[in-house]
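The values are calculated or read from the model by the stated rules, or taken from the named source; none is laboratory data. Model, not experiment: these values are computed from the prediction. In this analysis, Cβ positions are derived from the backbone assuming ideal geometry, glycine residues included, and neighbour counts consider all displayed protein chains.
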Amino acid sequence: MSATDDVLKPDFDAQQKHFIFNDDHEQLRQSIAAFVAKELTPHAEEWEETTFPDSVIHRMGELGFLGLSMPEEYGGQGGDYYCNLVLAEEMARSNSGGLAMGVAVHTDMAMPPIHLFGTEEQKQEWLVPAIKGEKILSLGITEPDAGSDVSGIKTRAVRDGDEYVINGSKTYITNGHRADVIVLVTKTDPDAGYDGFTLFLVPMDSPGVIREKKLEKLGMHASDTALLAFQDVRVPASAMLGQEGKGFYHIMWELQGERLIGAAGCVAGAQLCFDKTLEYAMERQAFGRQIGKFQVIRHKFAEMATKIETARQMTYMTAWKFNNGEYPVREISMAKLYSARIAVEVADECIQIHGGAGYMKEYGVERTWRDMRLNRIGAGTDEIMLDVIGRSYGL
Ligand SMILES: Cc1cc2nc3c(=O)[nH]c(=O)nc-3n(C[C@H](O)[C@H](O)[C@H](O)COP(=O)(O)OP(=O)(O)OC[C@H]3O[C@@H](n4cnc5c(N)ncnc54)[C@H](O)[C@@H]3O)c2cc1C
């Protein structure tokens, strides 16, 4: 509230930043926003047809956007976790969910485990060029017969002298067709339960790595999604990422950052769709008035705004805990679940408010709905998030 004379009026347009962000974050936000508006958004339509070019990653590396929270000694910017949130939020403005996802797989899914668990040699080989945008990363967990049930994967890595021999397959792998390396989840000891998993950094040009078909999807068309086969792929023992037998725990850690970034992307995508639709509702006339002036429509906006704000606050508060050294798995699961759900609800309601125009590609809201729909499945389905939350209470 601001005091004007002796009357207090609500500050609907106050642009107070959230307490997790400081002036450096705001400067970063402005420079990413300028880059996105100038170099990405104009190509969103084209890349729906062709997928985005690798040059986007190279360019983002040049601009220093790929290692925002990575140490400076590896070429990163040495920032905090909130910088990654800023990137995820601003990438949503590219109007291309597929592009935002491809970049996030590189920066927030495959890169963190290399940084945290990698040897110095592995960091020099993969992390440094990935931050520069010279090498592209992917992450391979899901298999044709095991997605939610990560412990059910069948890809095997068997030791043979100084090497491991890998056999198996992975599916729905984002960046799978363009990646230089994959962080691969394998089983090294099928009898050891959760202690039988091991991660490997597998160069995608290794003999026996087969990039099978590019998969066709409902949305996220600007990203490439691969079915991959690994046939007697030999990697040196030095390609092991982290500890032998600890891969399951390593990947569960990775999933937390991935889910939180996904939540931030959902909130930003929902907000953008809301803003676009608000503008439309102010212009579109029916029965002699702006459609936004019908109480029914006004209430739709009120419902959407409340959901978006709730999801945003939940995501920011959870990020604050995460950035301050907590491991808030319950809250991350809640933020991921809620943000993904409301993003789809908001996009659906925005289509409704647009009427027939909402069903047309020209207005872009149908694409937001299709792109956002993935978030209720990828990185852990709604059902798995509910299970994690429920179990966290000892149930
Ligand atoms: C476009 C796209 C990109 C992707 N990118 C990647 C990537 O880069 N790397 C990668 O590794 N994976 C990726 N994935 C895979 C994604 O993470 C999985 O699809 C997801 O984890 C679900 O696994 P699934 O598809 O095997 O479904 P399933 O596990 O077969 O689940 C099917 C249904 O059963 C439900 N279900 C399963 N178990 C339970 C349970 N215990 N309780 C209640 N319900 C349950 C699920 O919620 C779901 O509704 C991607 C997927 C898509 C679609």
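Scanning the range 132-183 for residues that are within 20 Å of ALA226 (Cβ to Cβ), more than 7 Å from the ligand (Cβ to nearest atom), in contact with an Asp or Glu (Cβ under 9 Å, 6 or more places away or on another chain) and part of a strand (DSSP E or B) yields LEU137, ILE166, ASN167, GLY168, SER169, THR171, VAL181, VAL183. Counting just the residues of the range 219-232 that are buried (at least 22 other Cβ atoms within 10 Å of the Cβ) and touching a strand residue (DSSP E or B) at 6+ places or on another chain (Cβ under 7 Å), which one comes out nearest to PHE52 (Cα to Cα)? Here the answer is SER223.
If I filter the range 52-64 for residues that are of a type in the set (D, E, K, R) and exposed (fewer than 11 other Cβ atoms within 10 Å of the Cβ), do I get at least one hit? Within the range 52-64, none of the residues are of a type in the set (D, E, K, R) and exposed (fewer than 11 other Cβ atoms within 10 Å of the Cβ). Only helices (runs of 4 or more DSSP H) whose full extent lies in the range 310-395 are considered here, and the ones with at least 1 residues that are without any contact (Cβ under 8 Å) to a residue 60 or more places away in the chain and more than 16 Å from the ligand (Cβ to nearest atom) are 329-354, 356-359, 365-373.
Scanning the range 184-200 for residues that are of a type in the set (A, V, I, L, M) and free of Cβ contacts under 8 Å to residues at least 60 places away in the same chain, we see that the one that is farthest from the ligand (Cβ to nearest atom) is ALA192.
Listed conditions (1) assigned to a helix (DSSP H, G or I); (2) within 14 Å of the ligand (Cβ to nearest atom) are all met by TYR249, apart from (2).
Can you find a residue that is among the basic types (Lys, Arg) and not assigned by TED's automatic domain parsing to the domain that holds GLN77 anywhere in the range 107-126? Within the range 107-126, none of the residues are among the basic types (Lys, Arg) and not assigned by TED's automatic domain parsing to the domain that holds GLN77. Scan the range 20-66 for residues that are assigned to a loop (DSSP other than H, G, I, E, B) and touching a residue at least 60 places away in the same chain (Cβ under 8 Å) and jot them down. Hits for the range 20-66 are ILE20, PHE21, THR51, PHE52, ASP54, LEU66.
The set of residues in the range 92-123 that are touching a residue at least 40 places away in the same chain (Cβ under 8 Å) and away from the ligand (no atom under 16 Å from the Cβ) comprises ALA92, ARG93, SER94, ASN95, HIS115, LEU116, PHE117, GLY118, THR119, GLU121, GLN122, LYS123. The residue pairs whose first member lies in the range 211-235 and is touching a residue at least 12 places away in the same chain (Cβ under 8 Å), whose second member is among the aromatic types (Phe, Trp, Tyr) and in a loop (DSSP other than H, G, I, E, B), and whose beta carbons are closer than 9 Å, counting only pairs six or more residues apart or on different chains, are ALA222/PHE52; SER223/PHE52; ASP224/PHE52.
For the range 258-280, a residue qualifies if it is under 19 Å from ARG367 (Cβ atoms) and of a type in the set (Gly, Ala, Ser), and the qualifying residues are GLY262, GLY265, ALA268, GLY269, ALA270. Just to be sure, is ILE153 closer than 21 Å to VAL209 by Cα and out of contact with any Ser or Thr (no Cβ under 7 Å at 6 or more places or on another chain)? So ILE153 fits the description; yes. Do we find a residue being closer than 23 Å to GLY247 by Cα and among the polar types (S, T, N, Q) anywhere in the range 80-87? Scanning the range 80-87 turns up no residue that is closer than 23 Å to GLY247 by Cα and among the polar types (S, T, N, Q).
Of all residues in the range 184-205, exactly one satisfies the criterion of being touching a Pro at 6+ places or on another chain (Cβ under 8 Å) and either assigned to a loop (DSSP other than H, G, I, E, B) or of a type in the set (A, V, I, L, M) (or both), namely LEU199. Just one of the listed residues (THR119, THR174, THR186) is at pLDDT 95 or above, crowded, with 21+ Cβ neighbours inside 10 Å and more than 18 Å from ASP232 (Cβ to Cβ), and it is THR174. Name every residue in the range 206-220 that is away from the ligand (no atom under 13 Å from the Cβ) and outside any strand (DSSP E or B), in order of residue number. SER206, PRO207, GLY208, listed by residue number.
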